[in-house]
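Notes to accompany the following structure.
The values are calculated or read from the model by the stated rules, or taken from the named source; none is laboratory data. Please read these numbers as outputs of a predicted model, since none were measured by experiment. Backbone-built Cβ (ideal geometry, glycine too); neighbour counts: all protein chains shown. Please note that ligands, DNA and RNA were not included when accessible areas were found on the heavy atoms of the full protein model with its side chains. Shrake-Rupley method; radii C 1.70, N 1.55, O 1.52, S 1.80 Å.
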Amino acid sequence: MNEQDFLASYNRRDFLSPLITVDAVLFTYHEEQLKVLLVKRGEHPEKGKWGLPGGFVDEMKDKCLEDTVLRKLKEKTGVIPPYIEQLCSVGNNQRDARGWSVTVCYTALIAHQACEAHIDTVDSVIWCPIDEIAQQSLAFDHHELIAQARERLKQKSLYSIVPGFALPEVFTLPELQHVHEILIGKEIQKKSFRRRIEQADLLVDTGEKRAERGRPASLYRLKEASADYRFIRNLEF
């Protein structure tokens, strides 16, 4: 038998396969705190619990896992993040009561202003402050997925400008510094932070200003390639 004959006679349903899903940990910065997007489950198992937006791979609609996660986010929340990255894969026979399950988890940051209108029109979707997550009874193993995504975000904030994606399209340098501090959990020296950002040339000066505590502050936006930029050294404190 050659390979062509083998594939023609092969029936994958002769073998048990695990359930394949995706989950998304979306963060935003709002009211000076980090928040994570949750949806309330409308069906069993774990019906009525809050959890991460996600769902099953659809072989007819999805060409890849990223297609799946973006499709499920749009269906359940109306939110499409400006970028999304794969966080981890988790699989075992305990995480889902329906059977052996594998989930591929993604994570991203999104500006609250960019999705506020969508979230307000969708039932059973909330931005939950990260400090309140521990008190929530979440579905499946979503506590662990959120914790892993939170740590990834903290580490990326040390060597990239990804925190800028949590801000509106235009922002001030103090706002960019503050969101870094929230995500890292430490204060940053103002002069060293500004020098770091300016030397990397990651921002576009809009030429506009906004009054901040009585003093006008320049407004910036991220350059298109800024998401992929990596600083040589981590932030120092």
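Brief remarks follow.
- Across the accessible surface of the range 175-235, with the other protein chains kept in place and a 1.4 Å probe, carbon and sulfur atoms take up 44 percent.
- At least 30 Å along the helix axis (C-alpha) and Kyte average at least 1.0, DSSP helices within the chain: none
- Probe 1.4 Å, protein heavy atoms only - accessible area per residue of the range 1-116 in square angstrom: 57
- Pairs of Cα atoms nearer than 8 Å and 6+ residues apart set the relative contact order; for the chain it is 19 percent.
- Accessible surface for the range 159-237, divided over its residues, is 62 Å² per residue with a 1.4 Å probe.
- Extending 7 Å from the Cα toward the beta-carbon at both Gln189 and Tyr159 defines two label points whose distance is 2.2 nm.
- Viscosity 1.567 mPa s, 4 °C: Kirkwood-radius Stokes-Einstein D of the chain over Cα pairs, µm²/s: 66
- Taking other residues whose beta carbon is less than 14 angstrom from the beta carbon of Glu46, and scoring Lys, Arg as +1 and Asp, Glu as -1, yields +2.
- Taking 0.890 mPa s as the viscosity and 25 °C as the temperature, the Stokes-Einstein diffusion coefficient of the range 12-103 based on its alpha-carbon Kirkwood radius rounds to 168 µm²/s.
- Residue-normalised convex hull volume from the C-alpha trace of the range 117-237: 155 Å³ per residue.
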